[in-house]
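The values are calculated or read from the model by the stated rules, or taken from the named source; none is laboratory data. Just so we're clear, the structure is a prediction, and the values are computed from it rather than from any experiment. FYI the Cβ positions are ideal-geometry reconstructions off the backbone, even for glycines, and counts take in every protein chain you see.
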Ligand code: ARG
């Protein structure tokens, strides 16, 4: 039912990308719900409306396709309500995926399914080493060639250092302070090699200074728009897809030559996630510029 349609792609030992367009992994919300509480947004007393969640997820999928993305699907699984947040499956680097090792037991059952899916479509999968927690593209985001790495709440700094060593890239560790912004992708969003959206109060002083020193053009968001998950945006070339209720950020994006698109994702905010959390770029987190989508 959920065919992936991805061909095998390694020829003569050279990496040949299997993707000819920005490609995104999503997981239908068939078994989505608020079944446990592992971040301050989640409350079992605030159930999600499953019909509305389906509608919002499909509207996001349609919008991503409209702005030029191809969507691949991970089959949903009963008992794993947060599998919809594919950003947390791992960190994709060329044809390798560094798999997550979730902090909370409630999500640990996702990793074997992620591993099997990635292997079935020809990715090399690398498990996290030792006892370090690591939550994939929720906490590890490339801005240009540099890996920006959120740690403390969900991922461990040691995991990020190890990853950077494996990949051979520079890593900027960023300590997260606020339990509401527990993953880096809830408070930081690279737009291009030298441009990012961020919510400064989510970071300690050192992290704020590191971001300012390494990213030339920063767009700070207000407290109220941060709480609408303004930073949890999906960037496809110059197009930016995000939740509703972020008019100031949309204006700032337009002023910088970006084209914002919004769609309501309130049912997923109940679990502490929005557009970016529901997606994983399979052609890499680097803000790749594709012909025809700008
Ligand atoms: N309920 C999920 C959790 O707390 C939400 C994950 C959101 N994902 C993200 N990439 N920020 O783990």
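In table form, for the structure just shown:
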| read-out | value |
| --- | --- |
| Pair list, Cβ under 8 Å, 6 or more apart: the range 21-47 residue over 19 Å from residue 276 (Cβ atoms), other residue part of a loop (DSSP other than H, G, I, E, B) and away from the ligand (no atom under 13 Å from the Cβ) | 30/76; 31/76; 31/77; 31/78; 31/79; 33/47; 34/47 |
| Positions within the range 42-59 being within 13 Å of the ligand (Cβ to nearest atom) and farther than 17 Å from residue 83 by Cα, in sequence order | 43, 44, 46 |
| Of all residues in the range 79-100 being surrounded by 16 or more Cβ atoms within 10 Å (Cβ to Cβ) and more than 13 Å from the ligand (Cβ to nearest atom), the one that is farthest from residue 153 (Cα to Cα) | 95 |
| Tabulated pairs, the range 177-204, first touching a residue at least 60 places away in the same chain (Cβ under 8 Å) and more than 26 Å from residue 257 (Cα to Cα), second in a helix (DSSP H, G or I) and within 15 Å of the ligand (Cβ to nearest atom), C-beta under 7 angstrom, 6+ apart or interchain | 183/138 |
| Some residue of the range 211-219 being touching a helix residue (DSSP H, G or I) at 6+ places or on another chain (Cβ under 6 Å) and modelled with pLDDT of 95 or more | yes |
| The lone exception for residue 153 - which of (1) within 12 Å of the ligand (Cβ to nearest atom); (2) in contact (Cβ under 8 Å) with a residue 60 or more places away in the chain; (3) part of a loop (DSSP other than H, G, I, E, B) it fails | (2) |
| Of all residues making up the range 221-231, the number that are buried (at least 16 other Cβ atoms within 10 Å of the Cβ) and under 13 Å from residue 252 (Cβ atoms) | 4 |
| Selection from the range 101-120 of residues that are more than 10 Å from the ligand (Cβ to nearest atom) and in a helix (DSSP H, G or I) | 105, 108, 111, 112, 113, 114, 115, 116, 117, 118, 119, 120 |
| Qualifying position, being touching a helix residue (DSSP H, G or I) at 6+ places or on another chain (Cβ under 6 Å), at pLDDT 95 or above and more than 23 Å from residue 84 (Cα to Cα), among 167, 172 | 172 |
| Unmet requirement for residue 265, which otherwise passes all of (1) more than 25 Å from residue 172 (Cβ to Cβ); (2) away from the ligand (no atom under 16 Å from the Cβ); (3) in contact with a helix residue (DSSP H, G or I) (Cβ under 6 Å, 6 or more places away or on another chain) | (2) |
| Any hit, the range 135-145, residues being over 14 Å from the mean Cα position of the chain (by Cα) and buried (at least 20 other Cβ atoms within 10 Å of the Cβ) | no |
| The lone exception for residue 76 - which of (1) closer than 21 Å to residue 185 by Cα; (2) outside any strand (DSSP E or B); (3) within 16 Å of the ligand (Cβ to nearest atom) it fails | (1) |
| Extreme residue, surrounded by the fewest Cβ atoms within 10 Å (Cβ to Cβ), among residues of the range 147-162 that are out of contact with any strand residue (DSSP E or B) (no Cβ under 6 Å at 6 or more places or on another chain) and within 16 Å of residue 93 (Cβ to Cβ) | 161 |
| Odd one out for residue 133, checked against (1) modelled with pLDDT of 95 or more; (2) out of contact with any strand residue (DSSP E or B) (no Cβ under 6 Å at 6 or more places or on another chain) | (2) |
| Matching helices (runs of 4 or more DSSP H) fully within the range 190-289 where at least 3 residues are over 19 Å from the mean Cα position of the chain (by Cα) | 205-214, 247-255 |
| Cross-chain or 6+ apart pairs with Cβ under 7 Å, the range 231-257 first and at positive phi, then modelled with pLDDT under 95 and away from the ligand (no atom under 16 Å from the Cβ) | 237/289; 237/290; 237/293; 237/294 |
